[in-house]
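The values are calculated or read from the model by the stated rules, or taken from the named source; none is laboratory data. Since this is a predicted model, take the numbers as computed values, not measurements. Note that we place each Cβ from the backbone using ideal geometry, even for glycine, and neighbour counts take in every protein chain shown. Note: accessible area is taken over every heavy atom of the protein model, side chains too, but ligands, DNA and RNA are not part of it. Shrake-Rupley method; radii C 1.70, N 1.55, O 1.52, S 1.80 Å.
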Amino acid sequence: MIEFKDLSDEIKDKIREIYEDVKRGKVSLLDLELVPIFNDLKNTLNTSNIDKYSKVYIDACELLKDKFKEFQDLLNSMEDEKKFDLYLKSNPDDKEIIELFNECWIKTFQLQSLSYDFLEQSQIKLSRDRIPPIVIEHLKREKVKENFILELPTQKFTDKMNDFLETIKKKLPCSFNSIFDSMGNQIEIYEKFVYLLHLLQIKEVKYKHETDILYI
Amino acid sequence: MYYLSKKKNKYQMGATKEEIIEVFQVKGRNESIYFQELITNLSKYIETLGLYIRFNPLDDHWFISYDDEMSNLVAANPFKGQAKLAATLFCVIICTYSNSGVARVKEIKELRKKKDILDDLKILQEEGYIETDEKTNEVRLTPLIGYQLDLQKLFTKLSLKLKSNEIKPKETSN
């Protein structure tokens, strides 16, 4: 069983202590690191303590807000120019200055070698619609309460085909298309076409390609 | 992204707000809102690539940089092993900041005290960081350092350092 930690009381006490220390002038909010508090909240948050944690989170945010306010006051209260001049007049070591530069360096990102046309073409290629990969889904077997009865045709295929042969015998010889003239239904045309193909295969009916004529 | 990552000349890269607005042919009263949205959305888009949109206050140009952590990882410091030169540049930055963008060579000399800075200024000029007017003996920063150094962060660090009284004025030797 997973054991859920609950640090809400502990964090709440910590925040209260910080406020008390700040009031006494023992510590400045600017000197305090608040990240561990938020990390503790984040790392131990779970469904069972979410209500308690949301209240502690509000307190922690208030603390952060106060820290920002203190920082803002600090920047506003400073007469930067004079203080900076004073600092330089204090003749700081070169090493000390270099330390100030640390973590302030920026590495610029340049695309000097890529032309605008190249990027435009890349953008067109990237935004082109792609065909999603085909996903093969297995069919689900559905349960049917009633007994499923597969209806079989009353006549066998051969019988039907022979009946068809008898009906067209009177027409033959005739053109291939004229066999289907009297049929208006696409399904019927398809059915009779299949019979005709079989009849051609077993040579009951013959076909002359040059004249497009069916004959026996 | 193309315009923000393109080098213009020795000192400049990226584009100004006006240039971007012109490229996208934005007209009317909402151009500033459109520009802000454009920058914000692009910033979110490239964040995952470890890139960051910045503003150079020295020439009002927007440009793209690697994010802070990566900048320090990919050896962004152009003054590695040249502490004296970097310190002189720092002095120029503070002097120009205090004097509306112009610093006199004499003032810089006074602030750097015993260190002879003329050679440093010459190198800084050759490398494109400063421009010196020989007639008036005045020094100005080019926009270059604004692309290589987070000036706002530097001033904040300096303010905090002074605030925490870590710096105690040393007695000047006569």
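Once each of the GluC sites (Glu not before Pro) sitting in a DSSP loop with at most 12 other beta-carbon atoms within 10 Å is removed, chain A keeps A:152-209 as its longest stretch. Given a 1.4 Å probe and the protein chains as shown, A:D66 ends up with an accessible area of around 50 Å².
Taking amide H as placed 1.01 Å from N in the peptide plane, A:M183 has no amide H partner under 5 Å among residues 5 or more places away or on another chain. Computed on chain B, with alpha-carbon pairs under 8 angstrom and 6+ residues apart, the relative contact order is 18 percent.
Given q = 0.20 Å⁻¹, what are the Debye log10 I(q)/I(0) values for segment A:8-102, with equal point scatterers placed on the Cα positions and solvent ignored? Each listed q corresponds, in turn, to -0.99. Using C-alpha pairs below 8 Å separated by at least 6 residues, the relative contact order for segment A:8-102 is 33 percent. Quick check: the angle from helix A:116-127's long axis to the longest principal axis of chain A, C-alpha only, nearest 10 degrees? On a 0 to 90 degree scale, this one is about 60.
Across the options A:I124, A:I18, A:Q186, the greatest Cα extent toward the positive end of the charge dipole of chain A (unit charges at beta carbon of Lys, Arg, Asp, Glu) belongs to A:Q186.
Across chain A, where is the longest run that never hits chymotrypsin sites (Phe, Trp or Tyr not before Pro) in a DSSP loop with at most 11 other C-beta atoms within 10 Å? Before the final figure, lay out each step's value.
On the way: sites that count: A:F4, A:F148.
Excluding the exposed sites themselves, the longest stretch runs over A:5-147.
What is the dipole size for segment A:8-102, taken about its Cα centre, with +1 at each Lys and Arg Cβ and -1 at each Asp and Glu Cβ, in debye to the nearest 20?
Numbers: 16 positive and 23 negative charges, 75 e Å.
Using Cβ point charges on Lys, Arg, Asp and Glu, segment A:8-102 gives about 360 debye.
Provide the convex hull volume over Cα atoms per residue for segment A:157-215, in Å³. Please report the intermediate quantities before stating the final value.
Details: hull volume 4.4 nm³, N = 59.
Each residue corresponds to 75 Å³ of Cα convex hull volume.
Multiplying the residue separation of A:Q121 and A:K170 by 0.36 nm and subtracting their alpha-carbon distance yields 10.9 nm.
Using only the Cα atoms, work out Rg/Rh for the protein assembly as shown, with Rh taken as the Kirkwood radius, to two decimals. Write down the numbers at each step before the final one.
Working: Rg = 40.6 Å, Rh = 29.6 Å.
Looking at the protein assembly as shown, the ratio lands at 1.37.
Could you pull out the pairs from A:K69/B:K153; A:K26/A:K95; B:K10/B:K135 whose alpha carbons sit more than 29 Å apart here?
Working: A:K69/B:K153 18 Å; A:K26/A:K95 31 Å; B:K10/B:K135 24 Å.
The answer is A:K26/A:K95.
Loop-resident trypsin sites (Lys or Arg not before Pro) (DSSP state other than H, G, I, E or B) in segment B:20-56 with no more than 11 further Cβ atoms inside 10 Å of their Cβ: B:K27, B:R29.
Contact order, relative form, for chain A: 13 percent (alpha carbon pairs under 8 Å, 6 or more residues apart, mean separation divided by residue count).
Sort out the exposed loop trypsin sites (Lys or Arg not before Pro) in chain A (DSSP loop, at most 13 other Cβ within 10 Å) and tell me the longest stretch that has none. Numbers along the way, then the final one.
Numbers: sites that count: A:K5, A:K26, A:R128, A:R130, A:K140, A:R141, A:K143, A:K145, A:K156, A:K170, A:K171, A:K203.
By the stated rule (loop sites, at most 13 other Cβ atoms within 10 Å), A:27-127.
Normalized C-alpha radius of gyration of chain A, against 2.2 N^0.38 Å?
Its radius of gyration relative to the 2.2 N^0.38 Å reference: 2.61.
The charge dipole of chain B, taken about its Cα centre with unit charges on the Cβ of Lys, Arg, Asp and Glu (plus for the first two, minus for the last two), comes to roughly 540 debye. Of the two radii for segment B:1-154, the radius of gyration is 1.03 times the Kirkwood radius, both from the alpha carbons; that is the Rg over Rh value. Dipole magnitude for the protein assembly as shown: computed about the Cα centre from +1 point charges on Lys and Arg Cβ and -1 point charges on Asp and Glu Cβ, it is near 520 debye. Straightening the chain between A:T47 and A:Q72 buys 5.4 nm, computed as 0.36 nm per residue apart minus the Cα-Cα spacing.
Annotation: A:I216 carries an accessible surface of approximately 110 Å², with a 1.4 Å probe and no ligand, DNA or RNA atoms counted. In the elastic network of chain A, a GNM with C-alpha springs shorter than 10 Å, the most mobile of A:P153, A:P133, A:P92 is A:P153.
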